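Below: one structure, written as C-alpha cells.
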Amino acid sequence: AGPLPHDNPDNVRLAERYLHRFYGLPAGLRGRKASLDAFQDKIKEMQEFFKLEVTGNLDENTLDVMQQPRCGVPDVGE
Amino acid sequence: YNHFPRKLKWQNTNITFRIVNYTPDLKKSDVDRAIRNALNVWADVTPLTFKKLNEGIADIMISFGSKEHGDYNPFDGPNGLLAHAYPPGPGIGGDTHFDEDEHWTKDSSTYNLFIVAAHELGHALGMSHSSDPGALMYPVYSYGEGFPLAEDDIEGIQELYGPNPNHRKVKPKPDAPQKCDPMLSFDAVTELRGETIIFKDRFYWRIHPQFVEPEQTLIKNTWPSLPNKVDAAYENPEKDQVFIFSGIRMWALNGYTLVDGYPKYIHKLGLPKSVRKIDAAVHIRETGKTLLFTDEEYWSYDEASGSMDTGYPRSIETDFPGMGDEVDAAAFHYGYLYFFHEHVQYEYSYNSRKVIRVLRANSIFNC
C-alpha cells in the first residue's frame with residue numbers, strides 16, 4: 001500500500017492552497033495544534049458542502065474534488 | 001442555493017454589460033453569442049433585462065485575462081480556476097473575468113464558454129455557490145446540453161428578483177436526487193471492480209467498500225460522451241468490463257475508461273430489432289450468463305459464446321415469482337439477485353427461486 005494521501009506533502013500544499021482560497025483558511029504562522037485544528041475544520045466544511053464523508057481528513061475523495069476544474073469564487077460567502 | 005452575505009443584488013432590473021476584450025480561441029461573434037445566451041438564461045426566469053455597451057463603464061464588465069490580471073485575484077494557468085465574478089455592487093461589483101489560459105470552446109471539448117459564463121453571470125447577479133451537484137451554481141465545471149438552470153438555481157435567483165412577468169417557458173434541470181428519499185427509484189445498478197455504481201437521472205452514486213458515504217456525480221462529469229440517462233448496466237468481471245445501455249446503444253468501460261469501438265447497437269447481442277431499450281441487466285458469474293430485462297420479459301446472453309440462449313424471451317413474472325413483472329435495475333451478490341422496481345428492492349434467492357426479502361430501494365445506501 002502506498003502512503004495515505006494526507007502524508008504526501010504535495011497534497012497537503014494543494015489542500016492548503018485550496019482551503020485558503022475557497023474556505024478562508026487563515027494564513028500565517030500559528031501554533032501547530034491551532035494550525036491543525038483550523039485545517040481540519042476547513043476540510044470538514046468543504047466535505048460537508050460537497051456532500052463527502054465528513055472526516056476532517058484529507059482522503060482521496062476530498063483530494064479528487066479539490067483537483068477538479070472550478071469557479072474561482074469562494075464557496076462560503078463570508 | 002446560496003446568496004452572498006447581505007443578499008447583494010442589483011437595485012434596478014435594467015443591467016448593462018460590456019465585453020472589454022475577446023479570447024482568440026473563438027470568433028468574436030461566438031463570444032458575443034455565448035455571453036448573450038448566458039445572460040438570457042437568467043433573463044428567462046427573472047424580470048432582468050441586459051443592454052450591451054460598446055464603450056464606457058457597464059454594470060458587468062466582462063474580460064479575459066491570465067494570471068494576475070488587475071484585481072489581485074490571479075488565475076492559475078490551464079485547468080484549476082476557470083473564471084470568477086464579483087457580486088453586484090459599484091466598481092468591480094458584477095465584473096466577470098475568464099482565465100485566458102484555458103481553451104474556450106462552443107462545444108463539449110475543453111471548457112464551454114456559454115456554460116462557464118452562465119455560471120459566472122449568476123455570481124454577477126447575486127448567486128453564490130450551490131451545494132446541489134445538479135445546479136448550474138455548483139462550483140465544479142460540468143458540460144451539459146439544454147437549458148442550464150436547475151430548479152435550485154431558479155428558486156435562488158427568483159428569491160432575489162422575482163419571476164419573469166412574461167412567464168417565459170423554460171425547461172429547468174431537475175435537482176439532484178436525494179439518496180434517502182423514500183420514493184427513490186434507480187435507473188441501473190452495476191458493480192465496477194468492487195465498487196457499486198448506481199445510475200439515477202443525470203447522476204450516478206459510487207459506493208466504495210472503504211467509504212462510509214456514497215459519492216454523487218454527474219454522469220457527464222466522468223464520461224462526457226455517455227448519454228444523460230442510463231437504462232441498464234452490468235459488469236463482466238472475467239472481461240473486466242462494465243457494459244452500459246441507453247436506448248438501442250451500448251458502451252463498454254474498462255475501469256472508468258470508455259473502451260474504443262463503442263457505442264454499438266444492442267441488436268449486435270442478438271436481440272430483435274423490436275427491442276428498443278433494455279430495462280435492467282445482470283451478470284451471473286456462476287453460470288456465465290447475462291440476463292437482459294425488457295418490459296415484461298427477459299433474455300439470457302451467453303458471454304462465452306457471445307450469443308443469445310435459445311428459448312428466450314421468457315416471462316419475468318413466471319420465472320421470478322413474487323416480484324411483479326417489470327424491473328428497473330438488477331444486481332447479483334453471493335447467490336442472491338437484487339431486483340429494483342420503483343422504490344422497492346426484492347432480494348431473490350437464485351437457488352431456491354423465491355423472494356427472500358423486500359426492502360426499500362435505497363436501503364443500499366443504509367438509509
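Quick note: the coordinates plus some simple rules give every number you see, no bench work behind them. Here the structure is a predicted model, which means the values were calculated and not measured. Note that we place each Cβ from the backbone using ideal geometry, even for glycine, and neighbour counts take in every protein chain shown.
Place +1 on the Cβ of every Lys and Arg and -1 on the Cβ of every Asp and Glu in chain B, take the dipole about the Cα centre, and give the residue among B:H208, B:S307, B:G162 whose Cα lies farthest towards its positive end.
With unit charges placed on the Cβ atoms, the residue in question is B:G162.
Need one number: % antiparallel among DSSP beta bridges in the stretch B:10-114, to the nearest 5.
Expressed as a percentage, antiparallel bridges in the stretch B:10-114 total about 20.
Report the antiparallel proportion of the DSSP beta bridges in the protein assembly as shown as a percent, rounded to a multiple of 5.
80
List the relative contact order of the stretch B:278-367 as a percent without decimals, with contacts defined as Cα pairs under 8 Å and 6+ residues apart.
With pairs under 8 Å counted, the relative contact order is 19 percent.
If we count every other residue with Cβ under 10 angstrom of B:F332's Cβ, Lys/Arg +1 and Asp/Glu -1, where does the sum land? Don't jump to the answer; show the numbers that get you there.
On the way: positive: B:R285; negative: B:E191, B:E235, B:E286.
Residues near B:F332 contribute -2 overall.
Using only alpha carbon pairs under 8 Å that are at least six residues apart, calculate the relative contact order of the stretch B:64-175 and give it in whole percent.
19
Arranged by the count of other C-beta atoms within 10 angstrom, fewest first, what order do B:T257, B:T190 take?
Details: B:T257 9, B:T190 25.
Ordered from fewest to most neighbouring Cβ atoms within 10 Å, B:T257, B:T190 come out as B:T257, B:T190.
Can you give the log10 of the normalised intensity I(q)/I(0) at q = 0.15, 0.17 Å⁻¹, computed with Debye over equal Cα scatterers of the stretch B:131-271?
-0.82, -1.00
Work out, step by step, the length gained on full extension between B:D71 and B:T222: first 0.36 nm times the residue separation, then minus their alpha carbon distance; give nm to one decimal.
Contour length minus the Cα-Cα distance gives 51.1 nm.
With contacts defined as alpha carbon pairs under 8 Å and 6 or more residues apart, what's the relative contact order of chain B in percent? It would help to have the intermediate numbers written out before the result.
On the way: 801 pairs, mean separation 41.5, N = 367.
Relative contact order of chain B: 11 percent.
Which Cys residues of the protein assembly as shown have no other Cys beta carbon under 4.7 Å away?
Unpaired cysteines in the protein assembly as shown: A:C71.
Under the Kirkwood approximation applied to all pairs of distinct alpha-carbon atoms, what is the hydrodynamic radius of the stretch B:5-104 in Å?
14.4
Which residues in the stretch B:182-203 have a backbone N closer than 15 Å to a point placed 7 Å from the Cα of B:R360 along the Cα-to-Cβ line?
B:182-186, by backbone N distance to the label point.
Between A:V12 and B:T318, what FRET efficiency follows from the Cβ-Cβ distance if R0 is 60 Å, with the result rounded to 0.05?
Using R0 = 60 Å, I get an efficiency of 0.50.
Placing +1 at every Lys and Arg Cβ and -1 at every Asp and Glu Cβ, with all other atoms neutral, what dipole size does the protein assembly as shown have around its Cα centre, in debye to the nearest 20?
780
Please give the net charge around B:D59, taking every other residue with its beta carbon less than 13 angstrom from that of B:D59, where Lys and Arg add +1 and Asp and Glu add -1.
+3
Which residue, B:Q345, B:Q216, B:Q178, has the most motion in a Gaussian network model of chain B that connects Cα atoms within less than 10 Å?
B:Q178
Tell me, in nm to one decimal, what length is gained between B:E155 and B:D295 on full extension, where the rule is 0.36 nm per residue of separation less the Cα-Cα distance?
46.7 nm
For a bin width of 20 Å, list the pair-distance distribution of the protein assembly as shown built from all Cα-Cα distances, rounded to whole %.
23, 48, 26, 3
How far, in nm, would the chain grow between B:E342 and B:N2 when pulled straight, counting 0.36 nm per residue and subtracting the alpha carbon separation?
Extra length from B:E342 to B:N2 when fully extended: 119.2 nm.
Return the FRET efficiency for the residue pair B:R249, B:D181: r is the Cβ-Cβ distance, R0 is 41 Å, and the value is rounded to the nearest 0.05.
On the way: r = 29 Å, r/R0 = 0.71.
Using R0 = 41 Å, I get an efficiency of 0.90.
Chain B: longest stretch without exposed GluC sites (Glu not before Pro) (DSSP loop, at most 14 other Cβ within 10 Å), sites themselves excluded?
Here the longest segment lacking exposed loop sites spans B:146-237.
State, in angstrom, two size descriptors of chain B derived from its alpha carbons: Rg to one decimal place and Dmax to the nearest whole number.
Considering chain B through its Cα atoms, Rg and Dmax are 24.4, 79 Å.
Test of understanding: in a Gaussian network model of chain B with alpha carbons linked when under 10 Å, which of B:S307, B:S225, B:S352 would top the mean-square fluctuation ranking?
Top of the fluctuation ranking is B:S352.
If I build a Gaussian network model for chain B, linking alpha-carbon pairs within less than 10 angstrom, which residue out of B:D187, B:D76, B:D201 has the largest mean-square fluctuation?
Highest fluctuation of the listed residues: B:D76.
When the C-alpha atoms of the stretch B:99-189 are aligned to their principal axes, what extent does each axis show, in angstrom, from largest down?
For the stretch B:99-189, the Cα extents along the three principal axes come out at 46, 40, 23 Å.
Calculate the dipole size of chain B relative to its Cα centre from +1 charges on Lys and Arg beta carbons and -1 charges on Asp and Glu beta carbons; express the result in debye to the nearest 20.
720
For B:K220, which lysines qualify as cross-link partners when the Cα separation must be under 24 Å and same-chain residues fewer than eight apart are set aside?
A:K51, B:K106, B:K171, B:K173, B:K179, B:K200, B:K229, B:K264, B:K277
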